[in-house]
1. Per Stokes-Einstein, at 20 °C and 1.002 mPa s, what whole-number D in µm² s⁻¹ belongs to the range 40-81, with the Kirkwood radius over Cα pairs as the hydrodynamic radius?
2. State the three equivalent ellipsoid semi-axes of the range 62-103, derived from the C-alpha gyration tensor as the square roots of 5 times its eigenvalues, in descending order and whole Å.
3. In square angstrom, what is the accessible area per residue of the chain with a 1.4 angstrom probe?
4. Rounded to two decimals, what is Rg over Rh for the chain when you use alpha-carbon atoms and the Kirkwood radius?
5. For a Förster distance of 25 Å, can you work out the FRET efficiency between the beta-carbons of Arg98 and Val1, rounded to the nearest 0.05?
6. Can you tell me the FRET efficiency between Ser77 and Leu51 if r is taken as the Cβ-Cβ distance and R0 is 41 Å, rounded to the nearest 0.05?
7. Tally Lys/Arg at +1 and Asp/Glu at -1 over every other residue whose Cβ is under 12 Å from the Cβ of Asn62; what's the total?
8. Tally up the carbon and sulfur contribution to the accessible surface of the chain as a whole percent, 1.4 Å probe, everything protein left in place.
Amino acid sequence: VLAYATFSQGYKSGTYDAGASALAIPNVLNEELNDTFEIGTKAEVFGNLRLNAAAFLQDTSNLAVGQILPNGVVRQSNEGEVRILGLEFEGTWAPTERFIGRL
């Protein structure tokens, strides 16, 4: 049985909106900030049953989103905060030893 917990932080630097008109004031995009947490377990039981589970939370602020306007111009902007929650389950079962690939 393996149990784990992780935390990571990241960012994507700010930039200028590539679709902004050169005659207009350029649209400045702020940097995106991201915090991610994950906990999980991986277990092999009875020799032929593997069970994996994980839960995660991802918080992103200043998410940069692009949209195509009716006139065909692509506009990018920071759209606030996003929170993603997730669960992941995985299991494999081999009815006999012949189905287990061992190196």
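The values are calculated or read from the model by the stated rules, or taken from the named source; none is laboratory data. Worth saying up front: this structure is predicted, and the values here are computed from it rather than measured. Positions of Cβ are generated from backbone atoms using ideal geometry, with glycine treated the same way; all protein chains shown enter the neighbour counts. Only protein heavy atoms, including side chains, enter the accessible area calculation; ligands, DNA and RNA are left aside. Shrake-Rupley method; radii C 1.70, N 1.55, O 1.52, S 1.80 Å.
1. 149 µm²/s
2. 48, 16, 9
3. With the other protein chains kept in place, the chain gives 78 Å² per residue.
4. Values: Rg = 22.2 Å, Rh = 17.5 Å.
Checking Rg against Rh, the ratio lands at 1.27.
5. 0.50
6. 0.45
7. Spelling it out: positives minus negatives among the neighbours equals -4.
8. Numbers: 4710 of 8020 Å².
Roughly 59 percent, rounded to a whole number.
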